[in-house]
Structure formats: C-alpha cells, structure tokens
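Inspection log for the structure reproduced underneath, given as structure tokens.
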Amino acid sequence: MAKSKGVRIVVTLECTECRTNANKRSPGVSRYTTTKNRRNTTNRLELKKFCPHCNKHTDHKEIK
C-alpha cells in the first residue's frame with residue numbers, strides 16, 4: 001500500500017547572493033535541505049544561513 005502524503009515536506013534552500021553575483025570568488029551555490037509544515041507555512045521559506053562561498057550569513061530562499 002502507498003502511504004498518503006505527509007504534512008511535512010522536504011524543501012531546498014539556496015543562497016540568494018551566490019545566485020545573483022557573477023563575480024564570486026569560487027564557483028557554486030550554497031544549498032541546504034530542511035523540512036517545513038505545508039499546512040502552517042504555505043508561502044516560500046526564507047532563512048538566514050551560513051554560505052561557505054560568500055563566507056558570511058546570507059538569506060537562503062526556498063527553491064522548487
């Protein structure tokens with residue numbers, strides 16, 4: 001039997017500064033995975049996380 005879809009889903013967070021900055025010091029984009037409750041948080045998630053490419057804390061937004 002197949003399980004029904006759960007309330008919590010896995011989302012990927014991506015650095016906004018790495019994605020938009022063309023003159024960065026190293027190639028790549030910082031990505032994190034986390035879970036969110038789809039009933040309580042219907043809009044896209046945005047958290048401050050550490051980006052090793054930017055070497056500072058930046059905004060990380062949820063991508064599809």
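Considering only residues that are among the polar types (S, T, N, Q) and without any contact (Cβ under 8 Å) to a residue 24 or more places away in the chain, which ones fall in region 32-47?
THR33, ASN40, THR41, THR42, ASN43
Count, please, the residues in region 31-60 that happen to be open to solvent by 50 Å² or more (accessible area, probe 1.4 Å) and part of a strand (DSSP E or B).
Residues that pass the stated criteria total 12.
The values are calculated or read from the model by the stated rules, or taken from the named source; none is laboratory data. Nothing here was measured: the structure is a model prediction, and the numbers come from that model. Neighbour counts are summed over all protein chains in view; Cβ atoms, including those assigned to glycine, are modelled from backbone coordinates with ideal geometry. In case anyone asks, the SASA skips ligands and DNA or RNA and just uses the protein heavy atoms, side chains included. Shrake-Rupley method; radii C 1.70, N 1.55, O 1.52, S 1.80 Å.
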